[in-house]
Amino acid sequence: MKRLAARLLEALLTLWLLATLCFVLLRAAPGGPFDSEKAAPPEVQAALAAQYRLDRPLPAQYAAWLADVARGDLGPSFQYPDYTVNQLVAQALPVSALTGGLALLLALALGVPLGLWAALRAGRTADRVLMFLAGLGLAIPKFVAAPLLVLLFAVSLRWLPAGGWGEWRNLVLPVVALALPNLAWCARLTRAALLETLSADWLRAARARGLSETRLLCAHALRPALLPVVAWLSPALINVVTGSAVVEQVFGIPGMGRWFVQGALNRDYTLVLGVVLVVGALIVAINAAVDATRAWLDPRLRDA
């Protein structure tokens, strides 16, 4: 119970530090949410500032915003006055969760078997070709891969739509663009982990007792070889979250990344802060789930 309370306190402290840093950086950036209203009369500008509490001193703004967040209210959007940040996040979060979740599942579904296959054929031509392709997948950034996929499959071949949202065909290219670097990482990591496990002394002893290679792989080598892959899930999720901003902009997907970019460009303080808080909370929760999974796979980590 004490350990759980300590982790919960650590998570809350992390989110508070993240929110505070983001609040300070947003206010320190030049410009404001209503700079386009300069032609409006002074009384209109004053009314807007009062409505959104921008006429108060910065510490008072921070305290009021933090009190609202503690009640679960992320505040109104400055640039989308018909919506609150809670409503925008509620609309965008399922979109990003679906796209990112499918991308991560695709990376795992292909990366783990390909990594195992390469490890079992280490040093052969197939292994070299696969690792070369994995290196190429890591070298190409998402802001290059996404337009290339659009150019090939949407413009040239016309197999898939170039963007939009609403049907399964709109998901294919964004999911592939998000999955490519994670798939490459997963394949390389699985290959390296399995090769290390297969060369371990305890596995050699099991092989000397006459166990078949299939039983050695499935019953003894696979579980410890997957530990690094499970540990990699946390940075993989962060990679998906950070990459979603680019991918959602390229494909016109109404997700969290797109709202973050639009909010940053429009100096929509509450929208940016709301997205950062929600994404930060998700990352903290995923890290906790990954730690629990690693402890289940490796009992030595349970008391760590």
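Where a number appears in this text, it was derived from the coordinates with a stated rule and is not lab data. Quantities reported herein were computed from a predicted structural model and do not represent experimental measurements. A quick note on method: Cβ atoms are made from the backbone with ideal geometry, for glycine too, and the neighbour counts reach across all protein chains shown.
If the chain linking D127 and L265 were pulled fully straight, counting 0.36 nm for each residue of separation and taking away their Cα-Cα distance, it would gain 45.2 nm. Applying 1/(1 + (r/R0)^6) with R0 = 35 Å to the Cβ-Cβ distance of A47 and W165 gives a FRET efficiency near 0.45.
When the chain is fully extended, how far beyond the present Cα-Cα distance does V230 get from D291, taking 0.36 nm per residue of separation?
Values: separation 61, 0.36 × 61 = 21.96 nm, distance 0.86 nm.
So the chain would gain 21.1 nm between V230 and D291.
Sequentially through the range 282-293, phi angles give Karplus couplings (6.51, -1.76, 1.60; θ = phi - 60°) of 5, 5, 4, 5, 5, 4, 5, 5, 5, 4, 5, 5 Hz, Gly and Pro residues having no value and appearing as x.
What is the calculated FRET efficiency for D68 to L105, with r their C-beta to C-beta distance and R₀ = 41 Å, to the nearest 0.05?
Numbers: r = 35 Å, r/R0 = 0.86.
It comes to 0.70.
Here the gap between V155 and A192, fully extended at 0.36 nm per residue and compared with their Cα-Cα distance, gives a gain of 9.5 nm. Highest-first packing order for the peptide set 125-134, 75-84 is 75-84, 125-134, based on the mean count of other beta carbon atoms within 10 Å.
The listed peptides 224-237, 138-151, ordered by packing as a protection proxy, come out as 224-237, 138-151 (highest mean of other Cβ atoms within 10 Å first). Descending by average beta-carbon neighbour count within 10 Å, the peptides 44-55, 256-267 line up as 256-267, 44-55, the highest first. In this structure, the amide hydrogen of Y80, modeled 1.01 Å from its nitrogen in the peptide plane, lies closer than 5 angstrom to no residue at least 5 positions away or on a different chain.
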